[in-house]
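Some notes on the structure that comes next.
The values are calculated or read from the model by the stated rules, or taken from the named source; none is laboratory data. Just so we're clear, the structure is a prediction, and the values are computed from it rather than from any experiment. Here the Cβ positions follow ideal geometry from the backbone for every residue, glycine too, while neighbour counts run over all protein chains shown. All accessible areas refer to the heavy atoms of the entire protein, side chains included, with ligands and DNA or RNA removed. Shrake-Rupley method; radii C 1.70, N 1.55, O 1.52, S 1.80 Å.
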Amino acid sequence: MSRREAHFDAMLRRLGAVYYQALREEAAAAVAAPAAGAATGLPARRDGGAEAGQGLRHRGRWRVHDVMTADVVTADRNMPYKQVAKLLTDQRVSAIPVVAKGGRVIGMVSEADVLRKAERRPSRWGSLPGRARRDRAKARARTAGQLMTSPAVTIHPDASLSAAARLMNAHHMRRLPVVDAAGDLVGIVGRRDLMKVFLRPDEELTAEVSDVLGQILPEDAGRVTVGVCDGVVTLGGAPGDEDLIPVAIGLAAGVDGVVAVVSKLTGGARHRPGSGRDGAPPG
């Protein structure tokens, strides 16, 4: 096998692994399920999980279970409105899961759901001609079951952080219940949790990017340099095969915690959209 063929063989093996992982992520991204029933809650814990900066040493793809909070404050569907409001206030969280017996998630109650009550006043009904029927029902709600949004949008603990971020953005959510294959609650992940990946030490990112590039540039280890400062990766040197430069840039940008990639690789590097010499964040 020629040197060029060896490079492309390594590249294809790496990209094949990335593609397989992407398929797993799609399968792991959760779906919500409708349900009924009553339940008791689990021990309370505030948003954010572990202390910032703790437990961040990690190699390989980050998963939801790496950053989620395992101890979750929950409500049962019969919890009175006033107790739901107190729970959200006391725990300083934006939303709580509503669970059935055994811990199965049946819905979510958010601060926005609770605040529908402020629009319940008869003097203000006239200002809500287009309000959906479910929103009017929430404004009259007396229990968590009447307040909750159901079915809940959930995610699997093995899903990627990017999958969690996409779900949050798509559904305008701040917190996602994390459920197992049976739909039982195993944790919760918030926006703040997803930001933990960007607290990875620069030396850890350097090691991982170097490892990833070593798989597609096995014969160019001494020709390509990797430097990281504040999460921004700088690639330098002159790999033997110019065609692998855009692949190297893309794989470096795909490492969890990388803020941007600056390419100083010679040979007319073609930049992945969202990364390049200006240090713009990857897409």
Two pseudo-spin positions, 7 Å from Cα along C-beta at Thr89 and at His65, lie apart in nanometres by 3.8
Length gained if Lys101 through Glu219 is fully extended, taking 0.36 nm per residue and subtracting the Cα-Cα distance, is 36.8 nm
The distance between the Cα centres of segment 79-97 and segment 204-225, in whole Å, is 48
Length gained, Lys82-Arg192, 0.36 nm per residue minus C-alpha separation, equals 36.9 nm
So the FRET efficiency between Cys229 and Arg140, C-beta based with R0 = 41 Å and rounded to 0.05, is 0.15
For segment 171-259, the per residue accessible area (1.4 Å probe, Å²) is 40
Whole-Hz Karplus couplings 3J(HN,Hα) for segment 160-175, θ = phi - 60° and coefficients 6.51, -1.76, 1.60, Gly and Pro as x, run 6, 5, 5, 5, 5, 4, 5, 5, 4, 5, 5, 10, 6, 10, 9, 9
Given a Förster distance of 35 Å, the FRET efficiency implied by the Cβ-Cβ spacing of Ala112 and Ala181, rounded to the nearest 0.05, works out to 0.75
